[in-house]
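Notes to accompany the following structure.
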Amino acid sequence: MVSIFPAYLAPLRESLIGKAVDRGLIELGVHDLRQWTHDVHRTVDDSPYGGGPGMLMRPEPWGQALDTLAPASGAQPRLVVPTPAGRPFTQALAHELAREPWLMFACGRYEGIDSRVVDDAADRMVVDEVSLGDYVLAGGEVAVLVIVEAVGRLLPGVLGNVASHEQDSFSDGLLEGPAYTRPEVWRDRPVPDVLLSGHHAAIARWRRDESLRRTLARRPELLSTVALDKADAKVLAE
Ligand code: 6GU
């Protein structure tokens, strides 16, 4: 990943992803864009042609960064460029990126990167401009933390327990419902009886119902993408 704030990406050395890096499951390179500047002020930005507020990142340091880290003569990474103007980052895209042997991340700051950088890179590698959602961050670094964590946990061996992918929110297109651990009663709040029943089919049905109800309440648009049977329809009609 390339950024003018490489320290912003230090959290990738912590926790689940950090452990995967320590164990050699993920290789991580963090590079300061300013090493590819040549003026005394190590300038990376300039004002936009055509006017308008803010500053853009100049193309030359980015071009040199990409040429150095991914020489055109060799294998190419898939380039991910976080931007609020990108296509939505979803669990499906996380799975797609998890299949790639090499990802590169270009973190823009200011009002973004001169558009020719992506156009030029796209002549030799797959480029995805990706957005986390409909809000504006000050730069791509936090988005990279999000994307690397979402993709990294899908890689073989990174998560201890592989079955947990299959239970993720979104893996069945629905939000996950509530979950409980000990104690059985806490502050007068009991765990739902069915979860203590040992009746696996009833527990699965209850979880499905809770997922459906929560999805209807919070993300109703997701329901149109999910196959619903009669039992599902009945819960949603309540
Ligand atoms: Cl990926 N980058 C920036 N800078 N802002 C965003 C974003 C990404 N996604 C939502 N807002």
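Against the condition within 23 Å of ALA10 (Cα to Cα), assigned to a loop (DSSP other than H, G, I, E, B), touching a residue at least 24 places away in the same chain (Cβ under 8 Å) and more than 15 Å from the ligand (Cβ to nearest atom), how does LEU137 come out, does it pass?
no
If you take the residues in the range 119-134 that are within 10 Å of the ligand (Cβ to nearest atom) and crowded, with 17+ Cβ neighbours inside 10 Å, which one is nearest to the chain's Cα centre (by Cα)?
So the residue we want is LEU132.
Could you list, in sequence order, the residues of the range 209-236 that are of a type in the set (Asp, Glu) and without any contact (Cβ under 8 Å) to a residue 12 or more places away in the chain?
Correct list: GLU221, ASP229.
Working carefully through the options GLY108, GLY157, find the one that is under 13 Å from MET1 (Cβ atoms) and either in a loop (DSSP other than H, G, I, E, B) or away from the ligand (no atom under 16 Å from the Cβ) (or both).
GLY108
I'd like the full set of residues that are of a type in the set (A, V, I, L, M, F, W, C) and touching a residue at least 12 places away in the same chain (Cβ under 8 Å), limited to the range 35-61.
TRP36, VAL44, MET55, LEU56, MET57
Among the residues of the range 33-85, write down those that are polar (S, T, N, Q) and within 25 Å of the chain's Cα centre (by Cα).
Scanning the range 33-85 gives GLN76, THR83.
Is it true that some residue in the range 29-43 is more than 16 Å from VAL144 (Cβ to Cβ) and of a type in the set (Gly, Ala, Ser)?
No, the range 29-43 contains no residue that is more than 16 Å from VAL144 (Cβ to Cβ) and of a type in the set (Gly, Ala, Ser).
Output the number of residues of the range 111-126 satisfying the condition of being modelled with pLDDT of 95 or more, assigned to a loop (DSSP other than H, G, I, E, B) and charged (D, E, K, R).
Counting residues in the range 111-126 that are modelled with pLDDT of 95 or more, assigned to a loop (DSSP other than H, G, I, E, B) and charged (D, E, K, R) gives 3.
Could you please find all residues in the range 53-104 being surrounded by 19 or more Cβ atoms within 10 Å (Cβ to Cβ), in a helix (DSSP H, G or I) and touching a strand residue (DSSP E or B) at 6+ places or on another chain (Cβ under 7 Å)?
TRP62, ALA65, LEU97
The values are calculated or read from the model by the stated rules, or taken from the named source; none is laboratory data. For clarity, every value in this text was computed on a predicted model and none was experimentally measured. Methodologically, a virtual Cβ is constructed for each residue, glycine included, from the backbone with ideal geometry; neighbour enumeration extends over all protein chains shown.
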